[in-house]
Amino acid sequence: KETVHIAAASSLRGPLEIIVGNFETQHPEYEVHISYAASGKLVAQVQHGAPYGLVLAAEPDYLEELHARQLTLSAPQHFSYGQLVLWHPQQHGDALDILRDAKRIALAQPRHAPYGKIAMRYLEQEFPDTDFTGRLVYGENVAQAAHRVYAGAVPLGFVALSQMLQLKIPESDYSVLTSVEPLPQAMALTKQAQSGARLLYSALLEDAAQQVLTDYGYIRYVAAE
Amino acid sequence: MLQPSDWQAIGLTLQLAGVTTLVLLLLATPIAWWLAFSSSRWRAIVQAIVAMPLVLPPTVLGFYLLLLLSNSFAFTFTGIVIGSVIYSLPFAVQPLHESFRTMGRRPLQIAASLGAGRWDQFRTIVLPLCRGGFVVAATLVFAHTLGEFGVILMIGGSIPGETQVLSVLIYDHTEALNYRAAHTLSLGMIAVAMLVLIIVYGRWSKSPLQLGSER
Amino acid sequence: MLQPSDWQAIGLTLQLAGVTTLVLLLLATPIAWWLAFSSSRWRAIVQAIVAMPLVLPPTVLGFYLLLLLSNSFAFTFTGIVIGSVIYSLPFAVQPLHESFRTMGRRPLQIAASLGAGRWDQFRTIVLPLCRGGFVVAATLVFAHTLGEFGVILMIGGSIPGETQVLSVLIYDHTEALNYRAAHTLSLGMIAVAMLVLIIVYGRWSKSPLQLGSER
Amino acid sequence: MSLKVKCHLPLQHFALDVAVSIPTQGITAIVGPSGSGKTTFLEVFSGVRQVANAEVSFNQTLWQQREFLPLNQRRVGLVLQHPSLFPHLNVADNLRYGWQRARGRKELGWDEVIAACDLNALLQQFPAQLSGGQQQRVAFARALLAQPQLLVLDEPFSALDDDARQYFVSYLRQLSEQHQLPIIWVSHQLSDVAQVSDTLVQFSQGKVVSHGPIVSELQREPLRSKLALSVLDTHYDATQQGQEECWRLELAGQDLVLPKPQWQQQQPGASVRLRVFARDVSLTREFVTESSVQNQLAAEVVDSFTARHPAELVVQLRVGEQYLLALITKASWQRLDLRPGTRVVAHLKAAALHETLREAL
Amino acid sequence: MSLKVKCHLPLQHFALDVAVSIPTQGITAIVGPSGSGKTTFLEVFSGVRQVANAEVSFNQTLWQQREFLPLNQRRVGLVLQHPSLFPHLNVADNLRYGWQRARGRKELGWDEVIAACDLNALLQQFPAQLSGGQQQRVAFARALLAQPQLLVLDEPFSALDDDARQYFVSYLRQLSEQHQLPIIWVSHQLSDVAQVSDTLVQFSQGKVVSHGPIVSELQREPLRSKLALSVLDTHYDATQQGQEECWRLELAGQDLVLPKPQWQQQQPGASVRLRVFARDVSLTREFVTESSVQNQLAAEVVDSFTARHPAELVVQLRVGEQYLLALITKASWQRLDLRPGTRVVAHLKAAALHETLREAL
Ligand SMILES: Nc1ncnc2c1ncn2[C@@H]1O[C@H](COP(=O)(O)OP(=O)(O)OP(=O)(O)O)[C@@H](O)[C@H]1O
Ligand SMILES: Nc1ncnc2c1ncn2[C@@H]1O[C@H](COP(=O)(O)OP(=O)(O)OP(=O)(O)O)[C@@H](O)[C@H]1O
Ligand code: MOO
Ligand SMILES: [Mg+2]
Ligand SMILES: [Mg+2]
């Protein structure tokens, strides 16, 4: 059996486990190991010889960085789009109203977490004159933002739609924020890529995988012309 | 080179480490005392419980603490102090425990026979005789609080000026591939910590207790 | 309830904690010895350097270690052992140092006069007399390695069967919002750690040294 | 006024099993073979070793019954077998420790005690820089400076040389008399004990085998044969002053002349307690004129007892109303044809007497 | 064959400044006031305290010069002022520690030493469960069982009672004679020292103020007046056996009769070394017949010296070729009209002699 090491942003964990499971049944000659970590960490690791053949990130920026350093075989490939939601289990209604009066808002650290970046972009776009400093509670990543809302420590937070579906949160408890660009989920093969990584790379763009991603709230990738 | 937000984080970090160290010494001393001198059957169990904060990954510990503190101190300075205190508890208790145990009861009995009450004994005999233990406990806690970010990030939320400490900031910088800023802050942190520790350890080694070991 | 990958992680974790503890005791003993008995001017500085791994956030420390190990042990079991060893160094050195210091030279001189060579003295006198220090060092290191994931994740990369230890797995589960699995593993970890520590501490407290403190 | 102790504490081979009442006046000596429980006894009643069910009271105060009075409220000056100085304090600070915490009027002055224990040169040193004997002197002075109401000493002078020990033993007497400080004192040197104690408590195997006033304890077995010492009460006689350097004492109408203890100024008529070892007493049938032995006392043989050596006898003599012991060989007993009632002359060598008297009362 | 030590070590108020050669035969006693550097001296030459520039050699072996021979290669049996037992080992294991590591033939047997130090009942106890005196006995036995080539003792019997101390002091003599074990011994009890030592080293303020054979040291100041003890070599005379329990010794043609030391079987003609305290000697002009004092020696006054007390004199007497000291008052000196050359009779009280002889050679 050939071992395929891949690295992925932890937000992708839900669908990826299923996709890889299917992949392994179809291709029993491969055994896939996934390491989940924040994208920044993954970049540093690939730079320093991590054995990952394929890297999946929640945004293309970090992969561009790797590509610029000639550590990937090609430019980052988008394979689906993640959607930002506002999770507000304690209040129901319009997201903007809820945000306006919120005491604390959880989100991922915009310095490095993709969902944090678009959450920040959303706030700036919708409330150009409001300074949220002091009301924003940052997490390491979108999962930590979700923890806080889940634990009830923060009444609302910017999280990913995929998380809501995974936790089976009733639709009334969150609002999908469509006014902000969804996050392109991107992947790239590294120089260590063997046949398995390449096969998986293609599989992700196929229908079966795309269906799984859609089930998890991602927007289907449509190949550009 | 450093931005105001960095300075703010530095101040906050020192404050956090200082307060945590202080609180922990106050808290760990009676626990360690009880462990050293009680003959209760529960000793081993209490000792093991004290070590538990070490066993869980900090973020996981942080998550449970968040559940505990969610309606009170989460995302405040007090909250991260509580988190750091719990996280570093074993580093304070264990060296103190061992230190009290080796000191034994004899010096206290002598002090009592010379008229010293409990608190007086503690101040004039225990503190200086177990100075080594207190130094080990304090420096381990202080340094550990400087470096810890998992628990702090989880229950603090990295709010600038309130809970954004240096370790979280450095972590953010490395994650953002902002290596330059990370290096600068890391080096600064190391330099300051080295300085503090060299002074502490330098003074400590001059203690007359060193001589005492010869006879 | 636990999956094979969990069992694998548990095995790996115990192995890592065990090996790290062993390596650190071997490594920290001579350092602590030198710190306790040398009269070199460099003592305070070496002591401060030993504490440095505490000061940096684990991922940042991991990042620098990654730079160091990138062409050799990164992403291997050996690599995470090295990382854990460096990360936990202060927890081994400091209690041992304090323990050696309080023991002093006298028992060793007596042993030497009775014909014991250096290694013999160490085995028959230092080990039992400083047992408290060794227990503190070993349990702090062991527990700390169980719980540490920042450094390990960075230089290990969470490769199942190779570098994916329990703490990393629990962390992953919480990241995946897989709270149930996280709770189960956390509880298991706490239970096992409690058991081990209660046994260790229970046996330790029965030591005849306890009696010694009375006279 | 007494210290009452009742306790039962199982030890390795036997139990410390004690119920005694010790007078809290003067000096009480506790003697007994090594390992007989003397230290343990001190530790129990002073409160250093907290033993369940022990009962201790000092004068009118309960120290332990159901309640345990904390050590710091007992005002006991403790000098344990091991000096236990505070290693982090220099000598001055060790001494000041109790001194500063003493309440009320200070009976024992700082300068006085420092001078008596000759610690002036050592004040700045740390315990680790002191010799064994120096450490003991500091521990002793520290206990005194805390102004105790009871001084408890466990072989406090064992690391001192003969001269220093002699000096401290007589200093104990002085403390007891001038400051009315009760002293309880464990010593393994019977001769020291005999010199200055008022009461004697003998331990063996964890039990008090005998206790009472020293004069009567000395006349009883086992001490009578083992130590063979007698205590004589005499009067200082100023009228018949002989040489300047000598002392004339009156005992049952007879004179004794002794080299005068240098430190003591006695009032005429004051009573002086002499301790005379039986081995320093020899006997003749008649007064001997041309002898270096100045002190010859007319006495009467009362009885004789076996001595430690089978070839010897301890002879009990009566001088006036008091008893004096003499150690002689059986051969001499026969040669001199002694028996109860025989009138003899007891020779007390001034020099020997003075040795036991030296610097002491 | 000797131990040569040269060292300079600054201490608190003075420096330890020594360059001596000590014979490594028999027993060497080191005496001196408290704090005079005795312990420090032992520590330096035995290697416990590593002092730069010290030079030490034992018999033919260099122990320290440029190189420092590690303690475990010196085979020195150390008994330090503080017992320093291993707290984690019980008595048996403490004793075994050196025993198991001793190489070669074992001169000193396990059973023999355990019995001599009376440790059989204590073997299973831990040091924390021992009394002060018991700890010292264990430390002493432990050093012996390591089969040392040199025994170094620092006040090893200070926590023992008189009887036990006496016993151990004579045991030292036995060790020295039966096993040719050289012993260097710090003691603050001059009388113990005088009983069994061959060589005496006197310390004061970090310096060796005097050293030499004990007989001559005793005849010199300051010991002559301070201790006032003489050592007499006599012969055991089997032909004129008196009573069963007594011993007849011959000294310069005259007879001495003493209660026989019980433990010793002497061959006729064997030499016996007597130690006589001056205070146990009294003088007359003529032989006294009706006295309990059996031993009267014809002697001649050689000289007189000031004694410790101004009213007394130490009188040096010649008996045959040997010297005997007597302590008498000045008054007696005048009354008896003594001067150098006067023929006198020295009275040695058998009982007193026997005390100093007791259990000892
Ligand atoms: N902690 C203990 N547990 C059990 N037995 C003990 C303990 N401490 C002392 N002993 C035993 O109790 C007895 C009395 O000891 P203690 O120290 O009171 O004797 P001591 O009369 O002071 O002797 P010394 O004159 O040698 O100091 C000893 O036989 C000793 O073995
Ligand atoms: N570490 C040290 N530093 C400086 N001075 C010291 C040190 N240790 C001992 N001294 C001093 O050296 C002198 C000699 O001490 P030492 O212990 O050798 O005396 P000693 O003759 O053994 O006395 P004792 O009979 O009381 O045991 C003492 O005056 C002491 O104050
Ligand atoms: O893609 Mo994240 O989980 O916002 O770091
Ligand atoms: Mg005792
Ligand atoms: Mg000494």
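The values are calculated or read from the model by the stated rules, or taken from the named source; none is laboratory data. The structure presented is a predicted model; accordingly, all values stated were derived computationally and were not measured. Glycine also receives a Cβ, built like all others from the backbone with ideal geometry; neighbour counts cover every protein chain displayed. Just so you know, the surface numbers come from the protein's heavy atoms only, side chains and all, with ligands and any DNA or RNA stripped out. Shrake-Rupley method; radii C 1.70, N 1.55, O 1.52, S 1.80 Å.
When you scan region D:10-51, how many residues do you find that are touching a strand residue (DSSP E or B) at 6+ places or on another chain (Cβ under 9 Å) and part of a loop (DSSP other than H, G, I, E, B)?
The total comes to 13.
Filter region A:1-22 for residues that are of a type in the set (Lys, Arg) and either over 16 Å from A:Ala197 (Cα atoms) or at pLDDT 90 or above (or both) and give the result.
Answer for region A:1-22, where residues must be of a type in the set (Lys, Arg) and either over 16 Å from A:Ala197 (Cα atoms) or at pLDDT 90 or above (or both): just A:Arg13.
Give me a count of the residues in region E:82-134 that are charged (D, E, K, R), within 14 Å of ligand 1 (Cβ to nearest atom) and at the interface with another protein chain (Cβ under 8 Å from one of its Cβ atoms).
Looking only at that region, the number is 0.
Any idea which of E:Asp192, E:Asp162, E:Asp154 is open to solvent by 10 Å² or more (accessible area, probe 1.4 Å) and touching a helix residue (DSSP H, G or I) at 6+ places or on another chain (Cβ under 9 Å)?
Sole residue among the options that is open to solvent by 10 Å² or more (accessible area, probe 1.4 Å) and touching a helix residue (DSSP H, G or I) at 6+ places or on another chain (Cβ under 9 Å): E:Asp162.
Mind listing whichever residues of region C:160-195 are within 22 Å of the chain's Cα centre (by Cα) and over 28 Å from B:Val50 (Cβ atoms)?
C:Gly161, C:Glu162, C:Thr163, C:Gln164 - these are the residues of region C:160-195 that are within 22 Å of the chain's Cα centre (by Cα) and over 28 Å from B:Val50 (Cβ atoms).
Within region D:50-76, can you find the residues that are more than 22 Å from D:Gln147 (Cα to Cα) and either basic (Lys, Arg) or within 16 Å of ligand 4 (Cβ to nearest atom) (or both)?
Across region D:50-76, the qualifying residue is only D:Arg66.
If C:Val81 passes every condition in (1) of a type in the set (A, V, I, L, M); (2) over 30 Å from C:Phe149 (Cβ atoms); (3) in a helix (DSSP H, G or I) but one, which one does it miss?
(2)
Out of region C:152-163, which residues are touching an Asp or Glu at 6+ places or on another chain (Cβ under 8 Å) and not hydroxyl-bearing (Ser, Thr, Tyr)?
C:Gly156, the sole residue that qualifies.
Quick one: which residue in D:Gln60, D:Gln50 is within 23 Å of D:Asp198 (Cα to Cα) and either open to solvent by 70 Å² or more (accessible area, probe 1.4 Å) or within 16 Å of ligand 1 (Cβ to nearest atom) (or both)?
The conditions single out D:Gln60.
How do the strands (runs of 3 or more DSSP E) wholly within region A:47-150 filter down when requiring 3 or more residues that are more than 30 Å from A:Ala203 (Cα to Cα), away from ligand 4 (no atom under 16 Å from the Cβ) and open to solvent by less than 20 Å² (accessible area, probe 1.4 Å): which remain?
Output list reads A:105-108, A:136-139.
Give the residues of region C:172-184 that are open to solvent by less than 10 Å² (accessible area, probe 1.4 Å) and modelled with pLDDT of 85 or more, sorted by residue number.
C:Ala182
Would you list the strands (runs of 3 or more DSSP E) that sit entirely within region D:105-220 and hold 1 or more residues that are closer than 27 Å to E:Pro33 by Cα and more than 16 Å from ligand 2 (Cβ to nearest atom)?
Of the strands (runs of 3 or more DSSP E) lying wholly inside region D:105-220, those with at least 1 residues that are closer than 27 Å to E:Pro33 by Cα and more than 16 Å from ligand 2 (Cβ to nearest atom) span D:150-154, D:183-186.
Which of the residues spanning region B:128-153 are more than 7 Å from chain C (Cβ to nearest Cβ) and polar (S, T, N, Q)?
Selection gives B:Thr145 alone.
Is it true that E:Asn72 is assigned to a loop (DSSP other than H, G, I, E, B) and either away from ligand 1 (no atom under 16 Å from the Cβ) or in the same structural domain as E:Leu130 (by the TED database) (or both)?
No; evaluated as a whole, the condition is false for this residue.
For region E:81-97, indicate whether the set of residues that are open to solvent by less than 10 Å² (accessible area, probe 1.4 Å) and in a strand (DSSP E or B) is non-empty.
no
Any chance you could count how many residues in region C:113-127 are of a type in the set (A, V, I, L, M) and over 15 Å from E:Arg103 (Cβ atoms)?
The total comes to 3.
Let me confirm something: among B:Val23, B:Val93, B:Val60, B:Val55, which residue is open to solvent by 10 Å² or more (accessible area, probe 1.4 Å) and β-branched (Val, Ile, Thr)?
B:Val23
For region C:99-118, what are the residues that are open to solvent by 20 Å² or more (accessible area, probe 1.4 Å), facing another protein chain (nearest Cβ under 7 Å) and assigned to a helix (DSSP H, G or I)?
C:Arg101, C:Thr102, C:Arg106, C:Pro107, C:Gln109
Say we look at region A:151-173 and pick out the residues that are within 14 Å of chain B (Cβ to nearest Cβ) and open to solvent by less than 10 Å² (accessible area, probe 1.4 Å); which of these is nearest to ligand 5 (Cβ to nearest atom)?
Residue satisfying both the conditions and the ranking: A:Val154.
Can you name every residue in region A:4-40 that is surrounded by fewer than 16 Cβ atoms within 10 Å (Cβ to Cβ) and either within 16 Å of ligand 1 (Cβ to nearest atom) or outside any helix (DSSP H, G or I) (or both)?
Of everything in region A:4-40, those that are surrounded by fewer than 16 Cβ atoms within 10 Å (Cβ to Cβ) and either within 16 Å of ligand 1 (Cβ to nearest atom) or outside any helix (DSSP H, G or I) (or both) turn out to be A:Pro28, A:Glu29, A:Glu31.
Kindly indicate which of D:Ser216, D:Ser176 is away from ligand 5 (no atom under 16 Å from the Cβ), surrounded by fewer than 19 Cβ atoms within 10 Å (Cβ to Cβ) and not assigned by the TED database to the domain that holds D:Glu312.
From the options D:Ser216, D:Ser176, the qualifying one is D:Ser216.
Identify, from the list D:Ala121, D:Ala143, the residue that is in contact with a Gly (Cβ under 8 Å, 6 or more places away or on another chain) and either open to solvent by 10 Å² or more (accessible area, probe 1.4 Å) or more than 16 Å from ligand 4 (Cβ to nearest atom) (or both).
Criteria check complete, one pass: D:Ala143.
Only residues that are open to solvent by 30 Å² or more (accessible area, probe 1.4 Å) and facing another protein chain (nearest Cβ under 8 Å): list them for region B:65-90, please.
B:Leu67, B:Asn71 - these are the residues of region B:65-90 that are open to solvent by 30 Å² or more (accessible area, probe 1.4 Å) and facing another protein chain (nearest Cβ under 8 Å).
For region D:263-291, which residues satisfy the criterion of being more than 23 Å from the chain's Cα centre (by Cα), buried (at least 16 other Cβ atoms within 10 Å of the Cβ) and modelled with pLDDT under 75?
Passing the criteria: only D:Ser291.
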